[in-house]
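Structure record follows, encoded as structure tokens.
The values are calculated or read from the model by the stated rules, or taken from the named source; none is laboratory data. The structure presented is a predicted model; accordingly, all values stated were derived computationally and were not measured. Glycine also receives a Cβ, built like all others from the backbone with ideal geometry; neighbour counts cover every protein chain displayed. Quick note on the areas: whole protein, heavy atoms, side chains included, nothing else; ligands and nucleic acids left out. Shrake-Rupley method; radii C 1.70, N 1.55, O 1.52, S 1.80 Å.
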Amino acid sequence: MTRPTELPAWKALQAHQADIGALHMREMFSSDGERFERFTLRAGELFLDYSKNRVTDETMKLLIQLARESGLEEWREKMFAGEKINFTEGRAVLHTALRNRSNSPIFVDGEDVMPEVNAVLKRMEKFSRAVRKGDWTGYTGKAITDVVNIGVGGSDLGPKMVCEALASYARADLRAHFVSNVAPSDIISTLKGLDPETTLFIVASKTFTTQETMANAHTAREWFLAKARDEGHVARHFVAVSTNLKAVSAFGIAPENMFEFWDWVGGRYSLWSSIGLSIAVHVGFDHFEKMLEGAHAMDRHFHEAPLKCNMPVIMALLGIWYANFFGAESQAVLPYGTRLRSLPAYLQQADMESNGKSVDRDGQAVDYATGAVLWGGNGTNGQHAFFELMHQGTRLIPADFIIAANTHNPVRDQHAMLLANMFAQTRALMWGRQLDEVEAEMRAQGADDSTIAMLAPHKVIPGNKPSNTILMRDHTPYTLGMLVALYEHKIFCQGILWRLNSFDQWGVELGKQMASSILPRLSEEGAVTAYDGSTNALINMVKGMMHP
Ligand code: F6P
């Protein structure tokens, strides 16, 4: 397999970067009145402005060529067709089937998965409607008021992010809580204030073996039984979402209270499956379905749009341009507003667990950068925290800004302020403030020459910092579905161009194995000597510190 760095387009991009890498976006905008028209695109209800990037027509042409030379179109077909592209685990990658609203058949091992997908959706609908209407009651006949999703990673981050994002659609009398960390304070502080009679636990785990989730689920069960007493009541308060029927039954949850999904759904792509049950209960199944529709619309766009006007493709290529040709090490995601505050954390798993790899599909060590460090936070808060480094630091940090034109909570002109701040940041990052401008401004304010000489260099903002703006009219379940699917496909494209298997996570598995081996040692008699000097010493130190 040809390495990406050996492809003609890669080499051409290297030469091109040497030509235009130093060009300032100020000049690009000044010399081109139609830059915005050429470097923007629409996909359904999402609009992308990528004109504030260090690209020219030639850059985009070469990047698209790179996508072609990497076989992106062929790989895209393979994914949608259900081929087992997650070859290290022998699995198809078919989260798109979960939101396949056109219901066209999708085959895995010769079998159409759509009837099963639809059947589980029907069960989710029935269950979530019953809970919301008060038809599904707790063991004393009271309606459910609190739903606690117990899961971690993909079994937590997606539903949590979506429930927060769609809070405007939720009912105040049916609250959602998320417990993920094995640290006892997480479950204990969540249970505080909850009533076992009106609390429903959703134990969400693809494998149903994850240590953190199982531990929290057992603690929740004990808490519940301390009041309910009778094991027979568990059935009305614990349901499971999993692919592992055997383990679910062993935990004591009856098969009729298990919502299934399948091994062709990766954990980090699972919010569209029954892992989204907490979403359906909290914001309603109709809204959950709208989110699926939005994601499906993005799937179709990704599948059908030509590469040069394909939003996930363009975003993936821009990320590669900075990571591999400018040496950028990270990617910021900056949703403006408060509802999408957990989007960066959600995307961290989606992106970094997928493309944080250093061997290619042939098992060869890569000699180029792969997945960027994804980080971020919501605006305007970030402006008062980490933006300084983006403006004046030494690193190049491409950033995605995300905003809706309208708010669900119109109050005074606060949403206009949010918008103004976002526009100000993308412009300031791009335009900056040059030395002569700083000096002129200071002079106009009456500063003397020595003050200007001393202060001016500190006030210079270099600019030329790239950003994308993703804009939507309203923040709805539909646009949220589109947005999340946009990033999923962006990650897919980057994985293909970097020649990775984006669908396994062996690094994470190693940590899980080691944790299981270390746990019994913490209560073992005598000194631990099984590991390296540091790990042994730390474990032994902690054993000496632990309360009896
Ligand atoms: O963090 C690693 C991981 O395997 C993720 O991929 C997954 O989303 C998470 O653990 C939870 O796994 P499970 O749903 O099986 O409990």
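The table below gives the values:
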read-out: Meets criteria (among the basic types (K, R) and open to solvent by 20 Å² or more (accessible area, probe 1.4 Å)) for R473; value: yes
read-out: Filtered residues of region 370-407 (kept if open to solvent by 30 Å² or more (accessible area, probe 1.4 Å) and charged (D, E, K, R)); value: E388, R395
read-out: All positions within region 125-169 that are at positive phi and away from the ligand (no atom under 16 Å from the Cβ); value: G134, G141
read-out: Every residue from region 170-210 that is near the ligand (Cβ under 10 Å from one of its atoms) and crowded, with 18+ Cβ neighbours inside 10 Å; value: S180, V203, A204, S205, K206, F208, T210
read-out: Residue list for region 490-545, filter: part of a helix (DSSP H, G or I), within 16 Å of the ligand (Cβ to nearest atom) and of a type in the set (A, V, I, L, M); value: I491, V508, L510, M514, A515
read-out: Residue match in region 113-132 (condition: farther than 22 Å from S278 by Cα, in a loop (DSSP other than H, G, I, E, B) and open to solvent by less than 50 Å² (accessible area, probe 1.4 Å)); value: yes
read-out: Residue ID - nearest to L396 (Cα to Cα), chosen from residues in region 35-61 that are assigned to a strand (DSSP E or B) and open to solvent by 10 Å² or more (accessible area, probe 1.4 Å); value: D49
read-out: In region 317-363, the residues that are among the aromatic types (F, W, Y) and either crowded, with 21+ Cβ neighbours inside 10 Å or assigned to a helix (DSSP H, G or I) (or both); value: W321, Y322, F325, Y336, Y346
read-out: Residue list for region 249-281, filter: among the small types (G, A, S), within 15 Å of the ligand (Cβ to nearest atom) and over 28 Å from G90 (Cα atoms); value: S278
read-out: Neighbours by Cβ (under 6 Å, 6+ apart or cross-chain): first from region 211-226, closer than 9 Å to F201 by Cβ and away from the ligand (no atom under 14 Å from the Cβ); second assigned to a helix (DSSP H, G or I) and open to solvent by less than 50 Å² (accessible area, probe 1.4 Å); value: F224/P196
read-out: Options A220, A240, A247, A297: the member that is open to solvent by less than 50 Å² (accessible area, probe 1.4 Å) and not in a helix (DSSP H, G or I); value: A240
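Here's the yes/no breakdown for (1) open to solvent by less than 20 Å² (accessible area, probe 1.4 Å); (2) assigned to a loop (DSSP other than H, G, I, E, B):
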| site | (1), (2) |
| --- | --- |
| Q14 | no, no |
| D19 | no, no |
| G33 | no, yes |
| L63 | yes, no |
| K78 | no, no |
